[in-house]
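Worksheet: one structure, shown below.
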Amino acid sequence: MRELASPSDLLGLVGQLLGTSPWITVDQATIDAFAQATGDHQWIHVDVERAKREMPGGRTIAHGYLTLSLLPRMMQEVLSVGGRSRTINYGSNRVRFSAPVPSGARVRLHLTLKEAESIAGAVRFVYDCKVEIEGETKPALVAETIQIAYL
């Protein structure tokens, strides 16, 4: 994990890979909990028996938005920034779900700082996020996300 004293320390790291998170297993219990929280109970996510018969690979797949929602958890494993009162997710410029995450697969984040800009009382960051699926060549997710860290 990369540890920085303040958000301003990131200003000099634009264009750099900040790190790679540890692997996270996306199991069926996590997929089911996400389905419950969002109301998205499409069978490809929650019907294990039907998936065995009808899905390529015979497994359910995680919701794309579940994969996206794992970014904050994985980012915390890559980067620790002190000297801030709070950080907010400001949005995304681009999100693509480029490959399905089968139940039981492991994923990890490769986090690159694309832009960093001082603004009034804060620093705004744009990150390139790539979520890798263990053993696969195509990433599960490629996104450009924005955070603001308030000083």
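What follows is calculated from the coordinates using simple rules that are stated; it is not laboratory data. What you are looking at is a predicted structure, and each value in this text was computed from that prediction instead of being measured. All Cβ positions, glycine included, derive from the backbone under ideal geometry; neighbour counts span all protein chains shown.
Listing for the model above:
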read-out: Tilt relative to the chain, helix 28-38 - C-alpha long axis, 0 to 90 degrees, to 10; value: 70
read-out: Relative exposure of K52, K114, judged by other C-beta atoms within 10 Å (fewest first); value: K52, K114
read-out: Test item: Cα-centred dipole of the chain, Lys/Arg +1 and Asp/Glu -1 on Cβ, debye; value: 100
read-out: Cα-based Rg of the range 97-151 normalised by 2.2 N^0.38 Å, two decimals; value: 1.43
read-out: Hits among lysines - C-alpha to C-alpha of K130 under 23 Å, sequence gap 8 or more where chains match; value: K114, K138
read-out: Placed amide H near G104: partners under 5 Å, 5+ positions off or other chain; value: V26, D27, Q28
read-out: Contour excess over end-to-end distance, with Cα ends at D9 and N93 and 0.36 nm allotted per residue; value: 27.9 nm
read-out: The range 96-151, dipole about Cα centre (Lys/Arg Cβ +1, Asp/Glu Cβ -1), debye to the nearest 20; value: 100
read-out: Normalised contact order of the range 85-134, rounded percent, pairs of Cα under 8 Å and 6 or more residues apart; value: 35
read-out: Relative intensity, log₁₀ I(q)/I(0), of the range 1-81 from a Debye sum that treats every alpha carbon as a point, q = 0.18, 0.19 Å⁻¹; value: -0.79, -0.83
read-out: Kirkwood-based shape ratio for the range 28-151, expressed as Rg/Rh from alpha carbons; value: 1.05
read-out: Normalised contact order of the range 1-109, rounded percent, pairs of Cα under 8 Å and 6 or more residues apart; value: 46
read-out: Cα gyration tensor of the range 41-102 - equivalent ellipsoid semi-axes, whole Å, descending; value: 33, 12, 10
read-out: Counted charge near H45, where neighbours are those whose Cβ lies closer than 12 Å (Asp, Glu -1; Lys, Arg +1); value: -1
